[in-house]
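Asker: Mind having a look at this structure? Questions to follow.
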Amino acid sequence: QVQLVESGGGLVQAGDSLRLSCAASGRTFTNYAMGWFRQAPGKEREFVAAIRWRGGSTYVADSVKGRFTISRDNAKNTVYLQMNSLKVEDTAVYSCAASNFDASILLRKFNMYHSWGQGTQVTVSS
């Protein structure tokens with residue numbers, strides 16, 4: 001399997017920016033589509049964004065469109081989530097995940113991902 005490690009979370013004020021990173025490792029010899037999800041305490045996991053490892057097409061949730069951008073660096077086996085104009089409601093644990101699927105409708109579903117990172121906390125204060 002692939003191992004995923006997120007980083008870049010922290011405590012910021014509303015309106016600030018953060019860039020999350022998700023580094024993939026492991027001898028899998030396979031490229032994956034990658035997604036970002038978030039989950040606040042007591043709430044269900046929510047899709048944030050996804051990117052195809054081949055082709056580079058991206059998908060973002062309507063709630064973050066225009067503020068968040070997902071990208072990748074294949075040479076570093078790393079996917080990023082650039083988060084701008086952060087709001088208090090963005091506060092959550094953000095996790096990256098790897099999927100063998102590549103269709104946008106599938107990548108929006110958490111059960112389409114087979115590997116998950118441990119998550120990184122993002123806290124936005126007013």
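No lab work stands behind these numbers, since they all come straight from the coordinates. Because the structure is predicted, anything quoted here is derived from the model rather than measured. Here the Cβ is made from the backbone with ideal geometry for all residues, glycine too, and neighbour counts use every protein chain on show.
Asker: Measuring from centroid to centroid over Cα atoms, what is the spacing of region 50-126 and region 1-24 in Å?
Answerer: 10 Å
Asker: Below 18 Å, Cα to Cα, which lysines can residue 109 reach? Residues fewer than 8 away in the same chain don't count.
Answerer: Hits, sequence-local ones excluded: 43, 65.
Asker: Please give me the summed charge of the neighbours of residue 95: other residues whose Cβ is under 9 Å from its Cβ, Lys and Arg +1, Asp and Glu -1.
Answerer: +1
Asker: Another question, if that's okay. May I ask you to list the trypsin sites (Lys or Arg not before Pro) in region 57-100 that are in a DSSP loop and have at most 11 other Cβ atoms within 10 Å of their Cβ?
Answerer: The qualifying sites are 65.
Asker: Do any GluC sites (Glu not before Pro) in region 23-126 lie in a loop, going by DSSP, with at most 13 other beta-carbon atoms within 10 Å of their beta carbon, and if so which? Can you show the working numbers first?
Answerer: Working: sites: 44, 46, 89; in loops: 44.
For GluC sites (Glu not before Pro) across region 23-126 that sit outside H, G, I, E and B with at most 13 neighbouring Cβ atoms in 10 Å, the list reads 44.
Asker: Given the chain reduced to its alpha-carbon atoms as identical point scatterers, what log10 I(q)/I(0) does the Debye formula return at q = 0.16, 0.18 Å⁻¹?
Answerer: With one equal scatterer per Cα and no solvent, log10 I(q)/I(0) is -0.70, -0.88.
Asker: Identify all aspartates and glutamates with a Cα-Cα distance to residue 76 below 15 Å; exclude those on the same chain that are fewer than 8 residues away in sequence.
Answerer: Straight-distance partners of residue 76: 6.
Asker: Only loop residues by DSSP count here, and only those with at most 12 other Cβ atoms within 10 Å; note down the chymotrypsin sites (Phe, Trp or Tyr not before Pro) in region 1-50 that meet that. It would help to have the intermediate numbers written out before the result.
Answerer: Details: sites: 29, 32, 36, 37, 47; in loops: 29, 32.
Passing sites in region 1-50 are 29.
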